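**Q** Just passing along the structure, written as structure tokens.
Every number here is computed from the coordinates shown, using simple stated rules; none is lab data. Please read these numbers as outputs of a predicted model, since none were measured by experiment. We place every Cβ from the backbone using ideal geometry, glycine too, and count neighbours over all the protein chains shown.
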Amino acid sequence: MPTPTVIHEFGESVGEDVFCVIELDRDSNIDAQGEVKTQFEPGDSVYILVHVEEGVRIEDINSSFGDIVNKSSLTLVQRSNTIEDVIFPSTDTKYELPHMPLGTVAVEWEGFSSTLTQDGRTLTSASAPRICTVTYKYKAYLFRLLASDFVLAAEETFSIDVAVEVLK
């Protein structure tokens, strides 16, 4: 029997045994100079990734202002993430990846190498201290938020909250 619907907000969220991450899509939110955008002008499209664990269904996605224009047609995309300076000060140290990786992670050690063990999102090193860079792929659903034009005074900001309902 499915667990009750849980609402998740921007950032990593773990509740009711459901893993979900809602974040801006670094691949789609690019400005004219090729830089990743984290702030948007009125009328801009904002691309949002919703990453959920296997077996979780997205029931709904809403925002506090504007429209999620593709909420009824889920688009699954694959993204890559690289995390630099993952530090293992001891062999007991566990590092949690921010996403559920597809397959194994690629590792590049700085200085001495070690054996990296992966259990889902959790990484451990057989030797310590060690520092490495890890790269992995993950899947997420891509949504587009379109906030209609509105007027802001110079230097004024306006926050928009996004919430997702998921069902496991």
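**Q** In 5 Å bins starting at zero, report the fraction of Cα pairs in the chain per bin as a rounded %.
**A** All Cα pairs, binned at 5 Å, distribute as 1, 8, 15, 16, 16, 14, 12, 9, 5, 3, 1, 0 percent.
**Q** What FRET efficiency comes out for the pair SER148/ASN81, r = Cβ-Cβ distance, R0 = 30 Å, nearest 0.05? Please list the in-between numbers first.
**A** Numbers: r = 32 Å, r/R0 = 1.06.
So, using R0 = 30 Å, E works out to roughly 0.40.
**Q** Something else: Could you tell me the extents of region 79-138's C-alpha atoms along the three principal axes, largest first, rounded to whole Å?
**A** In descending order, the Cα extents are 29, 19, 15 Å.
**Q** What is the calculated FRET efficiency for LEU102 to THR122, with r their C-beta to C-beta distance and R₀ = 22 Å, to the nearest 0.05?
**A** Computed FRET efficiency for LEU102 and THR122: 0.90.
**Q** Mark the label point 7 Å from the Cα of ASP92 along Cα→Cβ and return the residues of region 119-146 whose backbone N is within less than 18 Å of it.
**A** 123-130
**Q** May I ask you to derive the FRET efficiency for VAL69 and TRP109 from their Cβ-Cβ distance with R0 = 45 Å, giving the value to the nearest 0.05?
**A** 0.55
**Q** Explain nothing, just the number: dipole magnitude of the chain about its Cα centre with +1 on each Lys and Arg Cβ and -1 on each Asp and Glu Cβ, in debye rounded to the nearest 20.
**A** Using only the charged Cβ atoms, the result is roughly 660 debye.
**Q** Give a residue-ordered list of calculated ³J(HN,Hα) values for region 25-35 (Karplus: 6.51 cos²θ - 1.76 cosθ + 1.60, θ = phi - 60°; whole Hz; x for Gly, Pro).
**A** Calculated HN-Hα couplings, in order: 7, 5, 7, 9, 8, 10, 8, 5, 8, x, 8 Hz.
**Q** Additional query: Rank-order 144-154, 97-107 by packing density, defined as the average count of other C-beta atoms within 10 Å over each peptide's residues, highest first.
**A** 97-107, 144-154
**Q** While we're here: For region 79-138, calculate the relative contact order in percent as a whole number, restricting contacts to Cα pairs under 8 Å that are 6 or more residues apart.
**A** Relative contact order, region 79-138: 52 percent.
**Q** Residue by residue, what Karplus-based ³J(HN,Hα) values in Hz, rounded to whole numbers, does region 85-90 have, using 6.51, -1.76 and 1.60 with θ = phi - 60° and x for Gly and Pro?
**A** Whole-Hz 3J(HN,Hα) from phi for region 85-90: 6, 7, 10, 10, x, 9.
**Q** A further question on this structure: Pop out the ³J(HN,Hα) list for region 92-101 in order, Karplus 6.51 cos²θ - 1.76 cosθ + 1.60 with θ = phi - 60°, rounded to Hz; leave Gly and Pro as x.
**A** Each residue's phi maps through the Karplus curve to give 7, 5, 10, 10, 9, 5, x, 9, 7, x Hz.
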